[in-house]
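**Q** The structure follows.
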Amino acid sequence: RFAAALAPLLKADDVIWIHDYQLLPLAGELRKLGVANRIGFFLHIPLPGIDTLAVLPGLGTLMRGLAGADLIGFQTARDLQNFRDFVRQEASGTIGMDGLVTCFDRRLEAGAFPIGIDAANFTALAEKAVAKPDCRQLLQSLGSRKLMIAIDRLDYSKGIPQRFEACEELLRGHPEHRGGIDLVQIASPSRSEVASYRDLRREIDRLSGRINSAFSDLNWTPIRYLARTYPRPALAGFCRLARVGLVTPLRDGMNLVAKEYVAAQDETDPGVLILSQFAGAAAELDGALIVNPHEREAVSAAIERALTMPKDERVARHARMFERISDHDVTRWASEFITRLAEARTKWSL
């Protein structure tokens, strides 16, 4: 239906760029309708390894549709390698010395194109936001305590329960931080009609309640769990105020919150990013403290290190990451993909 609606609107020189897994078969459907335009596809989520991918019902149909594109983009080199493994092991295809992919009677290209953000814009947004009411209210409520910030969709892939358990481990093992830190967890509601998401929300409610009950006193609550949506400027300001940014998903294609946290920081006195090794951003942000979100003790140790890290080390780590996100911003990402697509070799049949 999507292909049938789009095809009549196309002109001969139009370039088509398809985004994300909901539209995996679209390129193939357009080819069936005789569309000969250049088509690019970008997958924003991780592509599973071959052992996981191979069990999916209807995989051949999905991947044959994907192969209708001239250029397929992935977030990381790992995702690209998973695609190449599929081509060789499941599609009886080949990868040429020049990277040209042959599968499903098609020739196409595939590459890793890590998505970026508008770093300069987000920095400016954060600088202005700290003077706004939301940030002033948060700052006033903190007093002398250090802020730890986590911003996610309410989704089981984000590792929120594991994050709370790591915070609990920190408070048990390092009582000196009790009353000295606040974890603000913002979790925008997502897919609330789905049972598994309702179960997740109940689990997070239970965990935050248990931890707060165990450690709170009359003047302090360790976890502020906010299941609501905040405006983008407010989130930028919250990131700038935070000494620690916790981005610890169990699996994520990129996770742009990690890059936004870096962009929001005051370069003269920046906070520390704690980042899951299973987020695509971990391949780029080598100034972060990289953790396995399943290892509660390791995440707790990373939080302790972040809270006590000397200023000169924080500045050096931030500078490396900010240079990266500034050089590889969203404009460069889009430009590199479109340029590569324009140059892609177009062979409809072998």
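The values are calculated or read from the model by the stated rules, or taken from the named source; none is laboratory data. Computed from a predicted model, the values in this text were never measured in an experiment. Heads up, the Cβs are rebuilt from the backbone with ideal geometry, glycines too, and the neighbour counts pull from every protein chain shown. Just the protein is used for accessible areas: all its heavy atoms, side chains included, with ligands, DNA and RNA removed. Shrake-Rupley method; radii C 1.70, N 1.55, O 1.52, S 1.80 Å.
**Q** Has the stretch 108-115 got at least one residue that is in a loop (DSSP other than H, G, I, E, B) and of a type in the set (Asp, Glu)? Even if it seems obvious, please write down each step before you answer.
**A** Taking the stretch 108-115 and keeping what is in a loop (DSSP other than H, G, I, E, B), we get 113-115.
Those left that are additionally of a type in the set (Asp, Glu): none.
No, the stretch 108-115 contains no residue that is in a loop (DSSP other than H, G, I, E, B) and of a type in the set (Asp, Glu).
**Q** Looking only at the stretch 59-77, decide whether some residue is among the acidic types (Asp, Glu) and either open to solvent by 10 Å² or more (accessible area, probe 1.4 Å) or at positive phi (or both).
**A** No, every residue in the stretch 59-77 fails to be among the acidic types (Asp, Glu) and either open to solvent by 10 Å² or more (accessible area, probe 1.4 Å) or at positive phi (or both).
**Q** Checking Arg224 against (1) in contact with a helix residue (DSSP H, G or I) (Cβ under 7 Å, 6 or more places away or on another chain); (2) surrounded by fewer than 23 Cβ atoms within 10 Å (Cβ to Cβ); (3) closer than 22 Å to Ile274 by Cα: exactly one of these is not met. Which one?
**A** If we test Arg224 against (1) in contact with a helix residue (DSSP H, G or I) (Cβ under 7 Å, 6 or more places away or on another chain); (2) surrounded by fewer than 23 Cβ atoms within 10 Å (Cβ to Cβ); (3) closer than 22 Å to Ile274 by Cα, just (1) comes out false.
**Q** Next question, about the same structure. So the check is Cβ under 6 Å with 6+ separation or different chains; which pairs have a first residue in the stretch 4-27 that's in contact (Cβ under 8 Å) with a residue 60 or more places away in the chain and a second one that's surrounded by 15 or more Cβ atoms within 10 Å (Cβ to Cβ)?
**A** If the second residue must be surrounded by 15 or more Cβ atoms within 10 Å (Cβ to Cβ), the pairs left are Val15/Arg38; Trp17/Gly40.
**Q** Name the pairs whose Cβ atoms lie under 6 Å apart, with the first residue in the stretch 293-309 and β-branched (Val, Ile, Thr), the second open to solvent by less than 60 Å² (accessible area, probe 1.4 Å), and 6 or more positions between them or separate chains?
**A** Val299/Ala166; Val299/Val291; Ile303/Leu170
**Q** Would you please name the residue that is surrounded by the most Cβ atoms within 10 Å (Cβ to Cβ), looking only at residues in the stretch 145-195 that are more than 23 Å from Cys135 (Cα to Cα) and among the acidic types (Asp, Glu)?
**A** Glu168
**Q** Okay, next question. Just to verify a result, which residue in the stretch 102-119, among those that are in contact (Cβ under 8 Å) with a residue 60 or more places away in the chain and among the hydrophobic types (A, V, I, L, M, F, W, C), is surrounded by the most Cβ atoms within 10 Å (Cβ to Cβ)?
**A** Among those residues, the one meeting the criterion is Leu108.
**Q** For residues that are open to solvent by less than 10 Å² (accessible area, probe 1.4 Å) and out of contact with any Pro (no Cβ under 9 Å at 6 or more places or on another chain), scanning just the stretch 249-263, find the one that is nearest to Arg296 (Cα to Cα).
**A** Residue satisfying both the conditions and the ranking: Ala258.
**Q** In addition: Are any residues in the stretch 27-58 open to solvent by less than 10 Å² (accessible area, probe 1.4 Å), over 21 Å from Phe278 (Cβ atoms) and either in contact with a His (Cβ under 7 Å, 6 or more places away or on another chain) or among the aliphatic types (A, V, I, L, M) (or both), and if so, which ones?
**A** Ala27, Leu30, Ile39
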